[in-house]
Amino acid sequence: MSAPTTSRFKMPPTVWALGWVSFFTDVSTEIIYPLLPVFLTVTLGASMAFVGLIEGVAESTASLLKIASGWWSDRVRKRKPLMIAGYGLSALTRPLIALASTGGHVFFARFIDRIGKGIRTSPRDALLAASVPADQRGAAFGVQRMMDNAGAVVGPLIAWSLLHWFTADFRTLFWIAVIPMIGAMIVLIFAAREQAPVTPSVTAAEAVAFTATPAFKNYLGAVLLFTLGNSSDAFLLLRAQAVGVPVSFLPLLWMALHVVKSASSYPAGVLSDRIGRRGLIVGGWLVYALVYLGFGFASQVWHIWALFLLYGIFYGMTESTERALVADFYPDAQRGRAFGSFNFITGIGALPASLLMGWLWTAFGPTIAFGAGAGLSLCAAGWFLLKVAPSTLAR
């Protein structure tokens, strides 16, 4: 790898640039997201099942494009143009949500937003992995997740402050969410730098010839099984409201979750560089199972607050670590496709996961619905331990 050697605590400028892009994007997203389930169900009159349909279709749409954009970025060895297109599409959806008058309008906006996410995610992850030496990948992904989650702290704080002191109009907040997306586009265009290819551009035949190794296939299988139990976090917000958290405090609750995610992402990434990825991933999935069981039985507001904080620990342990492990499997010239495959799997499971949660909640109640998610995460942890043994990786 040609990335320059750097201390663990001093990442290259491109890593920080991508971190700031994620920060501003998440400020925008998280002004909207904690309020969107209530906006859909209360303001627009959508059903719980429709919320699950929107989130599931949105994420599955993104997954199809993540694998295609990863392949193309390997083919042309250019990551940044796809990222600009993807973030630009997402920026255009903020006004669409503010103008929505039916659930169908929100469905369309989320669909376009996830197309943008699908285009940008795999090239971004490949560019991030190429920006640092192999022994700092966990730390680099930790920086990106730390900044992403820091944005998810600031966004809900802005939303809560405005709701608490200035306006109860969700649409006004959705318009305000346009501003940080402009900041994200400026940083991406002027501060992020394309990394020089370490190998010649791959040919079309080489691109088609990409093959998943048995270890990588088993890793993706475990990730898919976990994803089937990992429904949209919109259901956690609806559960919080049902237990008694006031609507005006949902952004604050969401902010608390991301404080923990942001604080734990970088240390977990660094730890995965030092002790390996497997223990953190399996441990995180076990924490997830515990949290989902807790949401199923929660009956008091303090239960919800405690569970959201613990849920942040799960994210911190797994988000950067899972992505760093993907980079460990393949050399730079194939990482766009490797990340595309990983992102495809995590996205394609989102639709059935959210539909399953919506159906189980409607038919049997939240205890059964959240219990099913916990059970699937335990099965995924077992699969990972049994099938994904330590192996020689293309570090």
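Just a few scattered comments:
- Pairwise inverse Cα distances across region 323-395, averaged and inverted, put the Kirkwood hydrodynamic radius at 14.5 Å.
- Every Cα-Cα pair in the chain was counted, and those over 34 Å apart are 23% of them.
- For Lys66, Lys10, Lys80, order by how many other beta-carbon atoms lie within 10 Å, fewest first: Lys10, Lys80, Lys66
- Under 20 Å from the Phe297 label point (7 Å along Cα→beta-carbon), backbone N, region 355-371: 361, 364-371
- Rounded to whole numbers, the Karplus 3J(HN,Hα) couplings from phi for region 321-331 are 5, 4, 6, 4, 5, 4, 5, 5, 6, 9, x Hz, using 6.51 cos²θ - 1.76 cosθ + 1.60 with θ = phi - 60°, and x at Gly and Pro.
- Along principal axes, Cα extents of region 242-395, largest first, whole Å: 49, 32, 25
- Leu64-Lys78 pseudo-label distance in nm [points 7 Å out on the Cα-to-Cβ vector]: 2.5 nm
- For the chain, built as a Gaussian network whose Cα springs stay under 10 Å, the top-fluctuating residue of Tyr266, Tyr315, Tyr330: Tyr330
- Extent of region 23-119 along its three principal axes (Cα atoms, max minus min coordinate, largest first): 46, 25, 18 Å.
- Residue order, fewest to most surrounding Cβ atoms within 10 angstrom, among Asp135, Asp125: Asp135, Asp125
- The stretch between Phe166 and Asp135, if pulled fully straight at 0.36 nm per residue, gains 6.4 nm over its current Cα-Cα span.
- Cβ-derived FRET efficiency at R0 56 Å, Ser47 paired with Arg274, nearest 0.05: 0.75
Every read-out reported here was derived from the displayed coordinates using simple, explicitly stated rules and does not represent laboratory data. Since this is a predicted model, take the numbers as computed values, not measurements. Glycine gets a Cβ as well: all are built from the backbone with ideal geometry, and neighbour counts include every protein chain shown.
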